[in-house]
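Enquirer: Before we start, here is the structure in question, set down as structure tokens.
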Amino acid sequence: MELTLLLNEDNCGIYALQGSNKVSKFKVHEAISKLEFLSPFYVMATSAKKSIIYIWNICQDSLVKKYVLTGIPLCVAGSPCGGYIAVGIDNTIKIWQLSTGQLVNTLGHHYQKVSRVIWSLDGAFIISAGHDNLVNVWEFNKLFKDLSSISPLYSLTDHSMPLADLHCGVGGSKARLFTASLDTTCNVYELFSGSLLVSIQFPVPIHYILVDKTESYVLGVSFSTEIYKVSLVSQIDENKIISPFIKMF
């Protein structure tokens with residue numbers, strides 16, 4: 001059964017896509033900036049105005065944990081296994097273990113606010129992007145070994161304006177990393193090496209990117225909700241700038 005999250009002014013609802021039956025509901029009583037499934041049993045909600053993250057148990061309709069943070073969460077992402085969360089606060093990324101509530105590590109190397117954080121689908125990498133035009137890629141297993149001087153596996157410096165969105169495809173370390181910037185470009189990299197595969201040139205700044213499962217095309221969405229479609233078929237290995245696009249809306 002596929003589920004979807006819906007949010008109104010005072011409560012969150014979880015609905016089955018077939019039949020629109022409500023599976024679960026929980027009260028929030030405040031503005032929520034983001035909802036995300038952590039696992040088939042837990043949902044995470046990020047407060048829009050307070051330094052708080054809530055974790056709900058779907059089966060019991062109950063609040064499990066409330067994390068009081070050191071600042072307003074700018075972005076947040078749960079690990080694929082559902083055991084950890086990465087939270088962007090100011091120019092840092094903080095990693096918490098959900099079962100214990102323990103702060104695992106604090107990642108720096110951003111010089112302005114963090115705009116986006118995601119995990120690779122296998123949970124081996126954390127990718128962060130910021131208003132400093134940087135993309136940092138971190139190896140998750142190294143966060144437990146040295147708590148004093150953690151450096152990213154590498155940093156990407158190809159964008160000339162703040163980053164707006166990230167996407168990581170399938171394939172483990174051979175997956176492709178997609179980055180979208182307000183400089184109107186979307187770059188595609190090999191995740192493990194950071195090698196630039198191709199750069200897509202859009203006519204306007206892109207705030208969100210969507211990639212199909214086969215990674216044959218990219219949808220770029222502007223702040224004014226214009227949507228552009230770019231084909232990657234037969235072009236991803238030619239290491240060049242792609243500019244042809246189709247404006248959909």
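The values are calculated or read from the model by the stated rules, or taken from the named source; none is laboratory data. On a predicted model such as this, the values are computed, not experimentally measured, just so you know. Positions of Cβ are generated from backbone atoms using ideal geometry, with glycine treated the same way; all protein chains shown enter the neighbour counts. Side chains are part of the model used for accessible areas, which takes the heavy atoms of the whole protein and leaves out ligands, DNA and RNA. Shrake-Rupley method; radii C 1.70, N 1.55, O 1.52, S 1.80 Å.
Enquirer: If packing is taken as the average count of other Cβ atoms within 10 Å, what order do 203-210, 97-104, 167-174, 180-187 fall into, highest mean first?
Expert: Numbers: 203-210: 17.1, 97-104: 13.1, 167-174: 15.5, 180-187: 21.8.
Those peptides, ordered most packed to least, come out 180-187, 203-210, 167-174, 97-104.
Enquirer: Express the accessible area of the stretch 169-211 per residue in Å², computed with a 1.4 Å probe while the remaining protein chains stay in the model.
Expert: Details: 1520 Å² over 43 residues.
Accessible area per residue, the stretch 169-211: 35 Å².
Enquirer: Order 109-121, 52-64 from most to least packed using the mean count of other Cβ atoms within 10 Å.
Expert: 109-121, 52-64
Enquirer: Heavy atoms only, probe 1.4 Å: what % of the accessible area of the stretch 178-221 goes to carbon and sulfur, would you let me know?
Expert: 64
Enquirer: When ligands, DNA and RNA are left out and all protein chains stay put, how many square angstrom of accessible area per residue does the stretch 41-108 have with a 1.4 Å probe?
Expert: Heavy-atom accessible area per residue stands at 42 Å².
Enquirer: Okay, next question. How would the stretch 122-166 be classified by its alpha-carbon gyration tensor: rounded, prolate or oblate, with rounded meaning a/c under 1.5 and the a/b versus b/c comparison settling the rest?
Expert: prolate
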